[in-house]
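This report concerns only the one structure given below.
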Amino acid sequence: MKICFLINNGYGIGGTIRSTFNLAQALATQHEVEIVSVFRHRDAPAFALGGGVRLVPLVDLREDSPEYAGDEPEHQRRSAVFPAEDWLSPRYSRLTDRRIAAWLSGTDADVVFGTRPGLNVHLARQAPRRLIRIAQEHSTFEAHPAPLKRRLRRHYPSLDAITTVTQADAACYRSRLRLPGVRVAVVPNSVPA
């Protein structure tokens, strides 16, 4: 099985990145695993990524790179897909919309995990039905602002599953969102053995 994770920036530092890398490496012992980073701002990721996991960037923001995309006109136009209610929305653009959609339509993955609300909305709106689409929630439902919660209520029913890091948050997603047919499961943050 091929499993992919769609992450904001796999080259940065943070809990979502660390947890995603850990889970990807654990899954890579039995599956083909790839992490797709929407952005790339440095040559190498800050965290070590071993275990045969590939890291693939979509939008290169290294100014000295031949693939630099920061000056592209589409990157100056606000995203039409990534929700404005997600606090990272100013970083997203028509260029990211197009590149995420192209990657989703062309991937040979069986399963794709989104790792933040805005990327989960991309999965709900742009991913082909042939993919198993899973929203990974690294933050609690109650931590999301009300406008983002409304957006998630609209789009999360189109997904196949949602994972939360705690039982309490899974219960919150089940009771606060109408999710017929969407599995809500608990996957705690991954740490190495």
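The values are calculated or read from the model by the stated rules, or taken from the named source; none is laboratory data. Worth saying up front: this structure is predicted, and the values here are computed from it rather than measured. Positions of Cβ are backbone-derived with ideal geometry, glycine not excepted, and every protein chain shown enters the neighbour counts. Keep in mind that these areas ignore ligands, DNA and RNA; they rest on the heavy atoms of the full protein, side chains included. Shrake-Rupley method; radii C 1.70, N 1.55, O 1.52, S 1.80 Å.
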Low-density loop cleavage sites - chymotrypsin sites (Phe, Trp or Tyr not before Pro) in the range 1-108, where at most 14 other Cβ are within 10 Å (DSSP): W87
Among (1) 58; (2) 66; (3) 61, the entry that matches percent of Cα pairs over 19 Å apart as calculated here: (1)
H31 accessible area, 1.4 Å probe, all protein chains in place, Å² to nearest 10: 60
Accessible carbon and sulfur surface of the range 2-186 relative to its total accessible area, %, 1.4 Å: 50
Top positive-direction residue, dipole computed over the chain with Cβ charges, set P57, L123, S190: L123
Most mobile listed residue (D97, D108, D43) in the chain, GNM with C-alpha springs under 10 Å: D43
Exposure of D64 as accessible area (Å², to 10), given a probe of 1.4 Å and all protein chains: 130
Cut-off under 5 Å, modelled amide H: who pairs with L55 long-range: I35
Fraction of beta bridges assigned by DSSP in the chain that are antiparallel (%, nearest 5): 5
Largest-first ordering by accessible area, 1.4 Å probe, given options C172, C4: C172, C4
Length released on extending from V187 to R150, taking residue separation times 0.36 nm less the Cα-Cα span: 10.9 nm
Solvent-accessible area per residue for the range 70-180 (1.4 angstrom probe, square angstrom): 46
Heavy atoms of K149: accessible area, 1.4 Å probe, square angstrom to 10: 20
Label point 7 Å beyond Cα of E63 along Cβ direction - residues of the range 15-51 with amide nitrogen under 18 Å: 40-44
